[in-house]
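To start, the structure under review is shown below, and the notes come after it.
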Amino acid sequence: MNEGVATETLPDRAEATTASGQARQAKIVVVTSGKGGVGKTTTSASLACGLAKRGKKVAVIDFDVGLRNLDLIMGCERRVVYDFVNVVHGEATLRQALIKDKRFDNLYVLAASQTRDKDALTKEGVEKVLRDLSDDGFEYIVCDSPAGIEKGAFLAMYFADQAVVVVNPEVSSVRDSDRILGLLASKTRKAELGERVQEFLLLTRYSPARVEAGEMLSIADVEEVLGLKTLGVIPESGDVLNASNAGVPVILDDQSDAGQAYEDAVARLLGEDRPMRFTQAEKKGFFKKLFGA
């Protein structure tokens, strides 16, 4: 049997219950933004790995039909046999399509299709996949959304309990994310039920020095415009690109400022209180100012 197919036994449905005997529902987290290139897939991969490191059973799903980048960052691109669309259309079972992460036994990846149209996903099909994952004992389902407001992005957010809105600290990214917040408040299942998706702000490519120079919006600026509290601030770092090229989510690089910042964000997502790091420009000492080192 092909090694790309997740043949390991998933949790029995009987195990996916609370002490009271009620079915335990997975928490669905959508990672979204108004524009592309802000770091959504890097964030999805890092959040999924961070939750798995803390013992949570996690599935991370790529909703970007036609592009498919999540499997590259997760380092499992050669193991993709069946994808999300195959499952939605009944061409493969969920167990066939889930790829078990090589680093964590409790982390699985569901890749997007590179060959299908963006309309290949249906609300009913997505709902069934999410329900089956929940029934199989998954505690967190991280949905890596395409940018913007097309169908894949709508389906990624529709069933969400929580939304991590990824924003670069620049005017265009903030403006586009404001539109996404409008959709989260009006076009989700929770909105239809008169409830709210729990929203978090995650700032990426943050440079305190550029903020001080007036070249970049500050954390307070972005929070004021979007009306959200910050879950995490990921500093501008070449480590992010290096990790992505190596197929290793940057959160697993504990020597990297970006990796540590993602660890902090996961802790806050789970309700822990962590100080916000990497938000102040480094102060140059006398010799650094003198010699420019």
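The values are calculated or read from the model by the stated rules, or taken from the named source; none is laboratory data. All figures in this text were calculated on a predicted structure; none of them were measured in a lab. Backbone-built Cβ (ideal geometry, glycine too); neighbour counts: all protein chains shown. For the accessible areas, the whole protein counts, side chains as well, though only heavy atoms, and no ligand, DNA or RNA atoms are used. Shrake-Rupley method; radii C 1.70, N 1.55, O 1.52, S 1.80 Å.
Amide H to amide H, which residues 5 or more places from Ile234 or on other chains are under 5 Å from it, using H placed in the peptide plane?
Leu203, Thr204, Arg205, Tyr206
Using the crude model of +1 on Lys and Arg Cβ and -1 on Asp and Glu Cβ, and no other charge, please compute the dipole size for segment 42-104 relative to its Cα centre, in debye to 20. Before the final figure, lay out the partial values.
Details: 11 positive and 7 negative charges, 106 e Å.
Magnitude of the dipole: close to 520 debye.
For the residue pair Asp273 and Asn242, what label-to-label distance in nm results when each label sits 7 Å from Cα along the Cα-to-beta-carbon direction?
For the pair Asp273/Asn242, the computed spacing is 3.5 nm.
Measure out, as a whole number of angstrom, how far apart the alpha-carbon centroids of segment 132-189 and segment 34-79 sit.
Here the answer is 14 Å between Cα centres.
Note down the net charge around Cys143, summing +1 for each Lys or Arg and -1 for each Asp or Glu among other residues with Cβ under 12 Å from its Cβ. Kindly include the intermediate steps, with their values, before the conclusion.
Numbers: positive: Lys27, Lys40; negative: Asp62, Asp64, Asp144, Asp161.
Net charge in that neighbourhood comes out at -2.
Relative contact order for the chain using alpha-carbon pairs under 8 Å, separation at least 6, rounded to a whole percent?
Numbers: 599 pairs, mean separation 65.6, N = 293.
After rounding, I find 22 percent.
Out of Asn86, Asn168, Gly50, whose Cα points farthest toward the positive end of the dipole of segment 27-270 (charges: +1 Lys, Arg; -1 Asp, Glu; placed on Cβ)?
Toward the positive end, the furthest listed residue is Asn86.
Give me the dipole magnitude in Debye, nearest 20, for the chain about the Cα centre, with unit charges on the beta carbon: positive for Lys and Arg, negative for Asp and Glu.
On the way: 38 positive and 44 negative charges, 55 e Å.
Magnitude of the dipole: close to 260 debye.
Tally up the carbon and sulfur contribution to the accessible surface of the chain as a whole percent, 1.4 Å probe, everything protein left in place.
Details: 6440 of 13580 Å².
Roughly 47 percent, rounded to a whole number.
List the pairs from Lys128/Lys229; Lys151/Lys229; Lys27/Lys190; Lys102/Lys190; Lys40/Lys100; Lys57/Lys187 whose alpha-carbon separation is above 23 Å, in the order I gave them.
Violating the 23 Å limit, Cα to Cα: Lys128/Lys229; Lys151/Lys229; Lys102/Lys190; Lys57/Lys187.
Per DSSP H run of at least 4 residues, take -39500 (n - 2.57); add these up for the chain, divide by its residues and hand me the 222 nm value, nearest 500 deg cm²/dmol.
-10000 deg cm²/dmol
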